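Novice: Here it is, the structure in full.
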Amino acid sequence: MSHTVIIGNGISGVTAARHIRKRSDDRITIISAETDHFFSRTALMYIYMGHMTYENTKPFEDHFWSKNRIDLMREYVSTIDYAKKTLQFSSGGTLAYDKLILAVGSKPNKFGWPGQDLDGVQGLYSYQDLELLEKNTHGPLVKDPAKKKVKRAVLVGGGLIGVEFAEMLLTRGIEVTFLVREDRFWGNVLPKEEGELVARHMIEHHVDLRLNTELAEVIPDENGRAKAIKTKDGETIECQLVGLTAGVSPNVAFLKGGELEIDRGILVDEYLKTNIPDVYAIGDCAQMRNPSKGRRPLEQVWYTGRMMGETVGATLTGTPTPYKPGYWFNSAKFFDIEYQTYGTVPARDLDGLSEFYWEHPDGKICIKIVFETATRRFHGINTFGIRMLHERFDKWLNEERSVDHIMEYLADANFDPEFYRTHEKAVVNKFNAEQGTAIVPKKRSWKRIFSKA
């Protein structure tokens, strides 16, 4: 019986294990140093805010793993002998494998800031990070500002984790200053209008947002704990907690220096194979040697990890399957504003592309559509405050529909018009005025939505 060992119990590793079990009787072992059981990483913030317990974040009952003959080990892998196919644990034990899947995830970025390793400075990625945050901001909410252990936190970096971090701290009554290096929030992903919408919303939630501001150093107190930060402009901001939220990078430091080929992540081919026989890499740590058109070599989001787990599960059970993620999509939440994106919406350079932007007068709902200037082929969409159907946009992208077609049938993509106001008429009216078209939006049609043609 072949033994497949998976290092990492996140969404990619667990999905791989489940699909190998569905398709084979191979022996399966999942190793994790983080937690005993798989949990929803995206729900960490809700544990801190008191909306959920850790037990609530586990999608599977604890007996699921033994029932499905998936062995779980709580160990830290220190070295791998690829020639002997053996793992060495920091505890002293070893484990042999026939096939190895590296699903070792990410870690928060640090960029060599002086003071970045002081007490009171941390990222937010793992369960241990959550425990550290509880320790750093311990205790119930105290109304008297003078008695708070942490009165102000400074967050560094302008991405999704930073927004979640800010929301978490605000629920504990901790004031938040947010340093963003770019001229807009999440400036490497969001175009100008969307970045400004998110920035306004954060300020409305009492976040002290500082654009075009970079961290220079974290200043320690006499006990070696963060007491303030200094910006590159020379401003000193007193704080008791510093959150490093400038993105994540593959957690591959312990794998470097050997025969495994690593760039920023572990290099893999379309079958997620590394350069070493019977060793695969999936999820946040995997870097595609030749990514699909419109996709990045490293894509550290939940759904790509799940898709990679499904793909490698098929390959390891006799059905070699290339990883084909299709068109890009993602979703997130900025406080109470939902964000979705389908296809490609460049943040800055629109080379050969045109864009259309509509925003509701309340400033919390918007749509950005990008299309090819010459052919009017639909290229991608961002939505804020409106839920759209992923399947509908994926279909339109694959059919290479025009932006005019998207406008005419926009109502078919509305996820929940029964519960929220619709805006198709206002969106199309603005589009017609700007583009010189005379599109009449079609009413939503279930027949069209469920048709395969």
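The values are calculated or read from the model by the stated rules, or taken from the named source; none is laboratory data. Since the model is a prediction, treat every value here as computed from it, not as a measurement. A quick note on method: Cβ atoms are made from the backbone with ideal geometry, for glycine too, and the neighbour counts reach across all protein chains shown. Just the protein is used for accessible areas: all its heavy atoms, side chains included, with ligands, DNA and RNA removed. Shrake-Rupley method; radii C 1.70, N 1.55, O 1.52, S 1.80 Å.
Novice: What do the square roots of 5 times the Cα gyration tensor eigenvalues come to for the range 47-130, in whole Å, largest first, as semi-axes of the equivalent ellipsoid? Please list the in-between numbers first.
Specialist: On the way: eigenvalues 169, 117, 22 Å².
Value: 29, 24, 10 Å, ordered largest first.
Novice: What does the helix-only formula give at 222 nm for the chain: each DSSP H stretch with n ≥ 4 adding -39500 (n - 2.57), the total divided by the residues, and the result rounded to the nearest 500 deg cm²/dmol?
Specialist: Counting only the DSSP helices, I get -6500 deg cm²/dmol.
Novice: Then there's this: Can you list the lysines whose alpha carbon sits under 26 Å from that of Lys442, skipping same-chain ones fewer than 8 residues off?
Specialist: The qualifying lysines are Lys364, Lys368, Lys395, Lys425, Lys430, Lys452.
Novice: Per residue, how much accessible area does the range 1-144 show when a 1.4 Å probe rolls over the protein heavy atoms, in square angstrom?
Specialist: Numbers: 6940 Å² over 144 residues.
Value for the range 1-144: 48 Å² per residue.
Novice: Would you rank Ser402, Ser66 by solvent-accessible area, highest first, keeping every protein chain in place and using a 1.4 Å probe?
Specialist: Ser66, Ser402
Novice: Can you compute the modelled spin-label distance between Asp71 and Glu391, with each label point 7 Å from Cα toward Cβ, in nm?
Specialist: Reported label-point gap for Asp71 and Glu391 is 4.1 nm.
Novice: Quick one: of Lys99/Lys273; Lys110/Lys333; Lys232/Lys333; Lys192/Lys333, which pairs are farther than 20 Å apart, Cα to Cα?
Specialist: Working: Lys99/Lys273 11 Å; Lys110/Lys333 24 Å; Lys232/Lys333 30 Å; Lys192/Lys333 18 Å.
Beyond 20 Å between Cα atoms: Lys110/Lys333; Lys232/Lys333.
Novice: For the range 96-119 and the range 282-344, what is the separation of their Cα centres, given in Å?
Specialist: Measuring centre to centre over Cα atoms gives 20 Å.
Novice: Given 10 Å bins starting at zero, what is the percent of C-alpha pairs of the range 168-270 in each, up to the one with the largest pair distance?
Specialist: 12, 32, 28, 20, 7, 0
Novice: Over the chain, what is the percentage of antiparallel beta bridges among all DSSP beta bridges, to the nearest 5?
Specialist: Restricted to the chain, the bridges split so that about 55 percent are antiparallel.
Novice: At a 1.4 Å probe radius, carbon and sulfur cover how many percent of the accessible area of the chain?
Specialist: The C+S portion of the solvent-accessible surface of the chain is 50 percent.
Novice: So what is the diffusion coefficient of the chain in µm² per second by Stokes-Einstein at 37 °C and 0.692 mPa s, using a Kirkwood Rh over Cα pairs? The partial results should precede the final answer.
Specialist: Numbers: Rh = 24.1 Å.
The estimated diffusion coefficient comes to 136 µm²/s.
Novice: Another question, if that's okay. With a 1.4 Å probe and every protein chain left in place, tell me how much accessible area His51 has, in Å² to the nearest 10.
Specialist: 120
Novice: R0 = 51 Å: FRET efficiency of Arg377 with Thr94, Cβ-based, nearest 0.05?
Specialist: 0.40
Novice: Place a point 7 Å from Cα of Thr437 in the direction of its Cβ. Which residues in the range 344-364 have their backbone N less than 12 Å from it?
Specialist: 355-357
Novice: With a probe of 1.4 Å, find how much accessible area the range 331-453 has per residue, and write the answer as a whole number in Å².
Specialist: For the range 331-453, the per-residue accessible area is 52 Å².
Novice: At a Förster radius of 22 Å, what calculated FRET efficiency corresponds to the Cβ-Cβ distance of Tyr271 and Arg296, to the nearest 0.05?
Specialist: 0.75
Novice: Can you tally the net charge around Ser126? Count Lys and Arg as +1, Asp and Glu as -1, for every other residue whose Cβ sits under 11 Å from the Cβ of Ser126.
Specialist: -1
Novice: Probe 1.4 Å, all protein chains in place: accessible area of Ile262 in Å², nearest 10?
Specialist: Only protein atoms counted, so the area is about 40 Å².
Novice: Let me ask something else about it. What distance in nm separates the simple spin-label points at Ala253 and Phe64, each placed 7 Å from Cα in the Cβ direction?
Specialist: Each label point lies 7 Å from its Cα, and together they span 3.1 nm.
Novice: Arrange the residues Lys425, Lys58 by how much accessible surface each exposes, largest first, with a 1.4 angstrom probe.
Specialist: Lys425, Lys58
Novice: Just to be sure I understand the model, the point goes 7 Å from the Cα along the line to the Cβ. What's the resulting Asn212 to Glu400 distance in nm?
Specialist: Calculated label separation equals 4.3 nm.
Novice: Enter the per residue convex hull volume of the range 261-355, computed from alpha-carbon coordinates, in Å³ rounded to the nearest integer.
Specialist: Details: hull volume 11.8 nm³, N = 95.
Measuring per residue, one finds 124 Å³ for the Cα hull of the range 261-355.
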